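Q: Input: one structure, supplied below.
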Amino acid sequence: MSKGQSVYVRPLDLKHGRVDMSHGSGGRASAQLIETVFAALLDNEYLRQGNDGAVLPLPPANSRLVMSTDAHVVSPLFFPGGDIGSLSVHGTVNDLAMMGAHPLWLSASFILEEGFALCDLQRIVSSMAQAAKAAGVAIVTGDTKVVERGKGDGVYISTTGVGYVQGVTSPSGDRARAGDAILLSGTIGDHGMAIMSQREGLQFESDIESDSAALHELVAVMLATGADIHVLRDPTRGGLATTLNEIARQSGVGMVLDEGSIPVHRQVVAACEFLGLDPLYIANEGKLIAVCAEADAEQLINAMHAHPLAPLAAVIGTVIADDACFVQMKTKLGGKRMVDWLNGDQLPRIC
Amino acid sequence: MKYVDEFRDGALAQNLTESIALEAKSSRTYRLMEFCGGHTHALSRYGLLGMLPANVQMIHGPGCPVCVLPIGRIDLAIRLALEHDVILCSYGDCLRVPASNQMSLLKAKARGGDVRMVYSALDALKIATNNPTRQVVFFAIGFETTTPPTASIIRQARVARLTNFSVLCNHVLTLPAMEAILTQPGEVPLQGLVGPAHVSTVIGSQSYQSITNRFNKPIVISGFEPLDLLQGILMLLRQVNEGRAEVENEFTRAVTLAGNRKAQALVHEVFEVRDSFEWRGLGSLPFSGLKIRVAFAEFDAELRYPDLIYTNVPDHKACECGAILRGEKRPQDCKIFGTVCTPDNPIGSCMVSSEGACAAHYTYGRFSEVKWAS
Ligand code: SF4
């Protein structure tokens with residue numbers, strides 16, 4: 001829309017206005033919403049062209065493209081340490097980073113619920129813009145649809161990312177080998193418990209903050225050590241336990257963890273205790289698991305400690321040969337138990 | 001969380017397991033039952049079973065509220081949700097328990113029943129207050145720990161004059177179940193019992209005196225923390241070796257002789273003992289369950305919906321939950337354990353609740369049955 005026309009358009013009331021069906025109709029109201037919220041906040045040279053897609057330059061020669069997508073639904077939309085906007089950027093950037101990739105561009109689609117407050121939308125989009133800027137990626141194309149009231153949870157955001165990897169080998173879930181060391185970049189359960197502390201019916205006092213963060217720079221630092229990182233994964237949904245089981249199955253190996261070496265914030269332990277949950281199964285949004293040859297573990301840990309996102313990085317266990325692909329854990333007490341896949345949903349206990 | 005860590009100290013645990021090993025005489029086998037599902041869970045979760053000498057065997061007891069609930073009771077809740085169009089509120093654990101005709105509360109929900117998971121009894125009351133045009137039923141289950149909160153919401157519902165709220169009461173009592181376990185005919189005898197933690201805070205340690213007197217078996221009330229449990233097991237071994245059969249209290253930081261009298265009074269005001277109640281595994285036990293007193297009849301779902309008549313439904317043919325709850329079998333003795341029956345597709349109730357013996361063994365313990373390659 002050119003400047004000449006906008007004098008005749010009633011400006012969007014970002015303070016008190018709400019999303020209505022016309023914002024998704026593709027007409028003038030849609031254009032206005034896109035211009036005043038999305039284009040204004042996410043601004044970059046590709047978006048500015050206002051086309052249906054973005055024409056992008058090729059990545060460096062001899063590199064390979066990596067692409068990943070992630071849909072984000074979270075309740076509440078705003079939580080200590082982040083919101084659905086920053087989460088939708090970090091989630092996809094991290095998916096790329098776990099492939100060892102350098103992230104370049106994101107696309108974003110928004111499903112808005114009729115009646116959603118425009119000020120909240122603005123807050124979410126500016127948080128996305130901030131997260132993207134901090135991560136050095138651009139949101140180059142997007143889409144918005146509106147669903148009737150009652151058919152969505154305020155806003156859903158789906159993001160797709162493109163990045164590139166250099167070199168021939170990249171980390172992959174099937175490369176864990178017996179004898180490898182298992183590394184974790186920091187405390188577990190912070191994101192899930194930050195969310196849970198805000199849920200209706202559960203609200204409890206805590207200052208647990210989500211760990212939502214973009215991990216690609218940490219990954220770059222780790223790759224720069226020259227260590228051959230066999231596997232990289234971020235333990236999001238299902239937590240550390242589920243992600244380790246996925247790796248074990250994909251690689252056809254077992255694992256033995258040492259409970260005492262897994263970092264957890266005291267508050268997270270306390271809240272889990274109170275609700276009858278296990279931090280091993282609670283979601284993270286800014287942590288990574290790396291599997292590497294035992295000999296490479298020390299230099300990787302040193303490199304991680306030097307990065308602000310991983311001061312508490314630790315070796316938490318070893319990979320063993322096991323056809324049953326069990327993940328076992330030496331408990332702090334000196335006993336041994338299995339760390340199984342998440343069964344259904346973790347439910348707070350009643351007794 | 002200093003408090004929790006104190007009770008999970010590896011060095012202390014080492015000392016305790018050494019003492020247990022010294023106390024356990026190699027010439028005999030000790031069969032001890034942890035009555036409570038919370039203990040079953042803790043034994044597996046902290047890997048304690050592997051730290052005990054081979055001749056100290058822990059037998060899992062029936063103290064898991066979800067496990068002992070018979071199919072027929074869940075059927076009633078499902079009928080309320082599907083045929084009476086109520087908002088059926090239930091603790092999360094009950095939602096996945098298999099009922100008749102391959103149903104469960106979760107499946108009833110998928111078929112359009114308004115089934116809601118609540119974290120506390122109070123949540124159910126709030127739902128009733130916020131939905132004045134709908135009938136709301138709380139599916140109340142549990143031993144003496146969850147009974148006082150149910151009593152409390154019934155009293156609050158009376159004060160608030162709610163006409164759209166009722167409770168389907170399935171509360172059960174610990175002592176009759178213990179008696180039933182100890183009077184079973186023809187089964188390898190137990191040498192002692194680990195008494196429940198939370199239940200005992202309510203009913204008090206003196207309640208178990210009648211059991212030790214009658215059956216001449218020691219009971220040690222123990223906390224849910226792993227060190228509590230190890231300490232409780234050690235105390236039991238000492239009693240067995242010394243030929244004593246007393247009620248001992250390891251969990252003195254929470255359990256008193258008389259228990260919580262306020263909670264007891266509240267429960268007494270709202271509930272009375274049923275003539276008999278059906279348990280999964282233990283069958284119909286006299287004076288083992290609670291019902292709502294006539295004075296609070298308007299909040300009794302069984303009276304409000306008179307067509308809700310309990311019928312006994314046999315368990316799945318292959319399911320050994322009954323024998324497991326009686327302490328006669330172990331989860332791995334069930335032919336369909338881990339194959340047909342898994343936590344994702346439970347056939348019996350012991351695979352549903354995290355306190356169930358099958359779920360605990362599947363989740364934490366089953367690796368111990370496999371020979372290692374390295
Ligand atoms: S494994 Fe399943 S079917 Fe077998 S006893 Fe346990 S719950 Fe019942």
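The values are calculated or read from the model by the stated rules, or taken from the named source; none is laboratory data. What you see is a predicted model, and the numbers here were worked out from it, not measured in a lab. Note that we place each Cβ from the backbone using ideal geometry, even for glycine, and neighbour counts take in every protein chain shown.
Q: Report yes if B:Gly322 is within 16 Å of the ligand (Cβ to nearest atom) and either among the hydrophobic types (A, V, I, L, M, F, W, C) or away from chain A (no Cβ under 14 Å) (or both), otherwise no.
A: Spelling it out, B:Gly322 is indeed within 16 Å of the ligand (Cβ to nearest atom) and either among the hydrophobic types (A, V, I, L, M, F, W, C) or away from chain A (no Cβ under 14 Å) (or both).
Q: Moving to a separate point now. Within the stretch A:165-177, is there a residue that is among the β-branched types (Val, Ile, Thr) and not in a strand (DSSP E or B)? Quick ask: steps written out before the conclusion?
A: Of the residues in the stretch A:165-177, the ones among the β-branched types (Val, Ile, Thr) are A:165, A:168-169.
If we keep only those that are not in a strand (DSSP E or B) as well, we get A:168-169.
Yes, there is a match, as at least one residue in the stretch A:165-177 is among the β-branched types (Val, Ile, Thr) and not in a strand (DSSP E or B).
Q: Would you check which residues across the stretch B:331-355 are within 7 Å of the ligand (Cβ to nearest atom) and closer than 17 Å to B:Leu105 by Cβ and list them?
A: Selection gives B:Pro346, B:Ile347, B:Gly348, B:Ser349, B:Met351.
Q: Condition (residue is at pLDDT below 95, surrounded by fewer than 24 Cβ atoms within 10 Å (Cβ to Cβ) and among the small types (Gly, Ala, Ser)) applied to the stretch B:59-73: is it met by at least one residue?
A: No, there is no match, as no residue in the stretch B:59-73 is at pLDDT below 95, surrounded by fewer than 24 Cβ atoms within 10 Å (Cβ to Cβ) and among the small types (Gly, Ala, Ser).
Q: Continuing with the same structure: Out of all the residues in the stretch A:62-74, which are part of a loop (DSSP other than H, G, I, E, B) and within 15 Å of the chain's Cα centre (by Cα)?
A: Taking the stretch A:62-74 and keeping what is part of a loop (DSSP other than H, G, I, E, B), we get A:62-63, A:73-74.
Result: A:Val73, A:Val74.
Q: Looking only at the stretch B:30-72, which residues are small (Gly, Ala, Ser), touching a residue at least 60 places away in the same chain (Cβ under 8 Å) and farther than 26 Å from B:Cys169 by Cα?
A: B:Ala42, B:Ser44, B:Gly47, B:Gly50
Q: Out of the stretch B:344-365, which residues are assigned to a loop (DSSP other than H, G, I, E, B), surrounded by 21 or more Cβ atoms within 10 Å (Cβ to Cβ) and more than 13 Å from the chain's Cα centre (by Cα)? Steps first, answer last, please.
A: First pass over the stretch B:344-365, keeping only residues assigned to a loop (DSSP other than H, G, I, E, B): B:344, B:346-348, B:352-356.
With surrounded by 21 or more Cβ atoms within 10 Å (Cβ to Cβ) added as a condition, the list becomes B:346-348, B:352-356.
Once the filter is applied, which keeps residues that are assigned to a loop (DSSP other than H, G, I, E, B), surrounded by 21 or more Cβ atoms within 10 Å (Cβ to Cβ) and more than 13 Å from the chain's Cα centre (by Cα), the stretch B:344-365 yields B:Pro346, B:Ile347, B:Gly348.
Q: Just give me the residues in the stretch B:154-169 being assigned to a strand (DSSP E or B) and either over 24 Å from B:Pro70 (Cα atoms) or of a type in the set (Phe, Trp, Tyr) (or both), in sequence order. Even if it seems obvious, please write down each step before you answer.
A: Taking the stretch B:154-169 first, the residues assigned to a strand (DSSP E or B) are B:165-169.
Correct list: B:Phe165 only.
Q: Would you check which residues across the stretch B:273-283 are modelled with pLDDT of 95 or more and either surrounded by 13 or more Cβ atoms within 10 Å (Cβ to Cβ) or hydroxyl-bearing (Ser, Thr, Tyr) (or both) and list them? Give the derivation first.
A: To start, the set of residues in the stretch B:273-283 that are modelled with pLDDT of 95 or more comprises B:273-279.
Result: B:Val273, B:Arg274, B:Ser276, B:Phe277, B:Glu278, B:Trp279.
Q: Right, another one. Looking at the stretch B:120-154, which of its residues are surrounded by 19 or more Cβ atoms within 10 Å (Cβ to Cβ) and either more than 14 Å from chain A (Cβ to nearest Cβ) or aromatic (Phe, Trp, Tyr) (or both)?
A: B:Ala128, B:Gln135, B:Val136, B:Val137, B:Phe138, B:Phe139, B:Phe143, B:Ala151, B:Ile153, B:Ile154
Q: With outside any helix (DSSP H, G or I), within 13 Å of chain A (Cβ to nearest Cβ) and out of contact with any helix residue (DSSP H, G or I) (no Cβ under 6 Å at 6 or more places or on another chain) as the only criterion, which of B:Gly61, B:Gly47 stands out?
A: On the way: B:Gly61 fails: within 13 Å of chain A (Cβ to nearest Cβ).
Of the residues listed, the single one that is outside any helix (DSSP H, G or I), within 13 Å of chain A (Cβ to nearest Cβ) and out of contact with any helix residue (DSSP H, G or I) (no Cβ under 6 Å at 6 or more places or on another chain) is B:Gly47.
Q: Does at least one position in the stretch B:289-300 carry a residue that is within 15 Å of the ligand (Cβ to nearest atom) and either touching a residue at least 24 places away in the same chain (Cβ under 8 Å) or not assigned by TED's automatic domain parsing to the domain that holds B:Ser100 (or both)?
A: The answer is no; no qualifying residue exists.
Q: Right, here's the next one. Please determine whether any residue of the stretch A:293-309 is small (Gly, Ala, Ser) and crowded, with 21+ Cβ neighbours inside 10 Å.
A: no
Q: If the requirement is being of a type in the set (Val, Ile, Thr), outside the structural domain of B:Gln332 (by TED's automatic domain parsing), modelled with pLDDT of 95 or more and more than 24 Å from the chain's Cα centre (by Cα), which of these qualifies: B:Ile78, B:Ile87?
A: After applying the criteria, what remains is B:Ile87.
Q: Name the residue that is surrounded by the most Cβ atoms within 10 Å (Cβ to Cβ), counting only residues in the stretch B:189-222 that are within 16 Å of B:Leu32 (Cβ to Cβ) and within 14 Å of chain A (Cβ to nearest Cβ). Talk me through it step by step, then tell me what you get.
A: Kept after step one, since they are within 16 Å of B:Leu32 (Cβ to Cβ), are these residues of the stretch B:189-222: B:189-197, B:208, B:211-212, B:215-222.
The next check asks that each one be within 14 Å of chain A (Cβ to nearest Cβ); those that pass are B:196-197.
Details: B:Pro196: 31, B:Ala197: 25.
Applying the filter and picking the extreme gives B:Pro196.
Q: Could you check the stretch A:312-333 and list, in sequence order, the residues that are at the interface with chain B (Cβ under 7 Å from one of its Cβ atoms) and part of a strand (DSSP E or B)? Talk me through it step by step, then tell me what you get.
A: Initially, the stretch A:312-333 is screened for residues at the interface with chain B (Cβ under 7 Å from one of its Cβ atoms), giving A:320-324, A:326, A:328, A:331-333.
Those that are at the interface with chain B (Cβ under 7 Å from one of its Cβ atoms) and part of a strand (DSSP E or B): A:Ile320, A:Gln328.
Q: Moving on. Out of (1) part of a loop (DSSP other than H, G, I, E, B); (2) at pLDDT 95 or above, the odd one out for B:Pro189 is which?
A: Only one criterion is unmet by B:Pro189, namely (2).
Q: State whether one or more residues within the stretch B:36-44 are surrounded by fewer than 24 Cβ atoms within 10 Å (Cβ to Cβ), touching a Ser or Thr at 6+ places or on another chain (Cβ under 6 Å), under 17 Å from B:Pro331 (Cβ atoms) and within 14 Å of chain A (Cβ to nearest Cβ).
A: For the stretch B:36-44, residues surrounded by fewer than 24 Cβ atoms within 10 Å (Cβ to Cβ), touching a Ser or Thr at 6+ places or on another chain (Cβ under 6 Å), under 17 Å from B:Pro331 (Cβ atoms) and within 14 Å of chain A (Cβ to nearest Cβ): absent.
Q: Determine whether A:Leu96 is in a strand (DSSP E or B) and either modelled with pLDDT of 95 or more or of a type in the set (Val, Ile, Thr) (or both). Let's see the steps before the verdict.
A: Values: in a strand (DSSP E or B): no; either modelled with pLDDT of 95 or more or of a type in the set (Val, Ile, Thr) (or both): yes.
Taking the combined requirement at face value, the residue does not satisfy it.
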